[in-house]
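Input: a single structure, listed below in structure tokens.
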Amino acid sequence: MTEGVGFALGALVCYGLSDLVYKRAAVTGVPPHQFMMVQTWFFLSLVTLYGVVTGTLAFGTASLWGAAAGVFAFTGFYNFAQSLKSGSVSVNAPIFRLSFTVTAILAVLLLHEPLTFPKLAGIGLALIAVWLLLGGTEFGAERKKAATASLVRVLIATASVGIANLLYKYGLRDGATPASLLCVQAIGVVTMSTALSGYIDGRVRPVPRVWPFSIVAALLLSSAFVLLLEGLARGQASILVPIAQMGFVVTAAVGFVFLREPLYPAAGASASSPPLAALASLGERLTRRARRNPDSSLVPRRRNHAV
């Protein structure tokens, strides 16, 4: 087994569950900026505690990569939280977690990690999955506008987190520990999220319903980040990050079963099998085309033959 895979699998589960917390916070009406702010408070406390307990909280110049990663991570998770106000978790979460395609491509180009056929195939299938998820549903005019805004935000989030994951690898390669990277990142993110919340609200006073969601999200995300970085300290980013980001399978499955979100064939199949997704999407599109245009060539015509 490739080194670090066990850590990546643990991160997979934690990331998937954290996405559900983000969705529940959004549908409950929790302000995203306050949710992020309180979450970062607890995230900083938890990763600092991890570093102290393990004795790995050692700061150096390499730890500054965590500050750079924090800017992109904050941008990513804030936009993801905003996207869920009008978007479906079973669609947005898979797209968000496909940030590994950005990380894998950059790791091959910048870190000179080997480009193998399985990696190339995985990236290609992931891009196909995004296309299927985006084309699997139809909306009215108002919902389409909201869905477009949600899509823009989740794509920004995807690119941002993909870059952040690469920056972690740079820091680890230069000698930083996972705990020091995450602690420096958290200090920067706490500063940004608290300043943003103060700017939006005119004060720093989160509403009561923020706390339970933010605390649970912080527990899950701190666990996910620690596991991912411990894995990256041992293995390749282009292998481990894609595994960790497959948490969207957990998110989509629980979203369908427990949140009663609609299960579109293309979306469901894309979370489990790209070939099935392709067939499901093709079937959906042909069916919709036939319904919109009954006289099209997709529907057999009756011919009247002269007697």
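The values are calculated or read from the model by the stated rules, or taken from the named source; none is laboratory data. The structure displayed is predicted, hence computed values, not measured ones. Cβ coordinates were reconstructed from backbone atoms using ideal geometry, including for glycine residues, and neighbour counts include every protein chain displayed.
When we screen LEU46, LEU64, LEU109, LEU57 for residues that are more than 17 Å from the chain's Cα centre (by Cα) and without any contact (Cβ under 8 Å) to a residue 12 or more places away in the chain, the only hit is LEU109.
Going through the stretch 84-100 one residue at a time, which ones are closer than 22 Å to LEU181 by Cα and not in a loop (DSSP other than H, G, I, E, B)? Matches in the stretch 84-100: ARG97, PHE100. Tell me which residues, restricted to the stretch 197-218, are touching a Phe, Trp or Tyr at 6+ places or on another chain (Cβ under 9 Å) and surrounded by fewer than 18 Cβ atoms within 10 Å (Cβ to Cβ). ILE215 - this is the single residue of the stretch 197-218 that is touching a Phe, Trp or Tyr at 6+ places or on another chain (Cβ under 9 Å) and surrounded by fewer than 18 Cβ atoms within 10 Å (Cβ to Cβ). The one condition from (1) surrounded by fewer than 20 Cβ atoms within 10 Å (Cβ to Cβ); (2) among the hydroxyl-bearing types (Ser, Thr, Tyr); (3) modelled with pLDDT under 90; (4) not in a loop (DSSP other than H, G, I, E, B) that THR194 does not meet is (3). The one condition from (1) at pLDDT below 95; (2) within 29 Å of MET36 (Cβ to Cβ) that PRO294 does not meet is (2).
Within the stretch 210-246, the set of residues being of a type in the set (D, E, K, R) and out of contact with any Gly (no Cβ under 6 Å at 6 or more places or on another chain) comprises GLU230 only. When MET246 is tested against the conditions (1) out of contact with any Ser or Thr (no Cβ under 9 Å at 6 or more places or on another chain); (2) under 30 Å from GLY6 (Cβ atoms); (3) modelled with pLDDT of 95 or more, the lone failure is (3). For the stretch 1-21, the tally of residues that are closer than 11 Å to LEU220 by Cα and of a type outside the set (A, V, I, L, M) stands at 6.
Whenever a residue of the stretch 239-253 is within 10 Å of LEU98 (Cα to Cα), its partners that are among the acidic types (Asp, Glu) and surrounded by 23 or more Cβ atoms within 10 Å (Cβ to Cβ), lying with C-beta atoms within less than 7 angstrom and at least six residues away or across chains, give the pairs GLY247/ASP19. A Cβ distance below 9 Å, combined with a sequence gap of six or more or placement on separate chains, defines the contacts here; from the stretch 176-192, residues that are at positive phi reach no residue that is among the basic types (Lys, Arg) and not in a helix (DSSP H, G or I).
Identify the residue in the stretch 219-262 that is more than 30 Å from HIS112 (Cβ to Cβ) and among the charged types (D, E, K, R) and, among all such residues, is surrounded by the fewest Cβ atoms within 10 Å (Cβ to Cβ). The extreme case among them is ARG260. Looking at the stretch 60-83, is at least one residue in contact with a Lys or Arg (Cβ under 8 Å, 6 or more places away or on another chain), of a type in the set (Phe, Trp, Tyr) and in a helix (DSSP H, G or I)? Taking every residue of the stretch 60-83 in turn, at least one turns out to be in contact with a Lys or Arg (Cβ under 8 Å, 6 or more places away or on another chain), of a type in the set (Phe, Trp, Tyr) and in a helix (DSSP H, G or I).
For the stretch 176-213, how many residues meet the condition of being of a type in the set (Gly, Ala, Ser) and under 20 Å from the mean Cα position of the chain (by Cα)? Step through it out loud before you land on a result.
So in the stretch 176-213, the residues of a type in the set (Gly, Ala, Ser) come out as 176, 179-180, 186, 188, 193, 195, 197-198, 202.
Next cut, under 20 Å from the mean Cα position of the chain (by Cα) only: 186, 193.
Residues in the stretch 176-213 being of a type in the set (Gly, Ala, Ser) and under 20 Å from the mean Cα position of the chain (by Cα): 2 in total.
Every condition in (1) part of a loop (DSSP other than H, G, I, E, B); (2) within 20 Å of the chain's Cα centre (by Cα) is met by VAL241 except one, and the failing one is (1).
Can you tell which of GLY76, GLY87, GLY51, GLY29 is over 20 Å from the mean Cα position of the chain (by Cα) and buried (at least 20 other Cβ atoms within 10 Å of the Cβ)?
Values: GLY76 fails: over 20 Å from the mean Cα position of the chain (by Cα); GLY87 fails: over 20 Å from the mean Cα position of the chain (by Cα); GLY29 fails: buried (at least 20 other Cβ atoms within 10 Å of the Cβ).
On inspection, the qualifying residue turns out to be GLY51.
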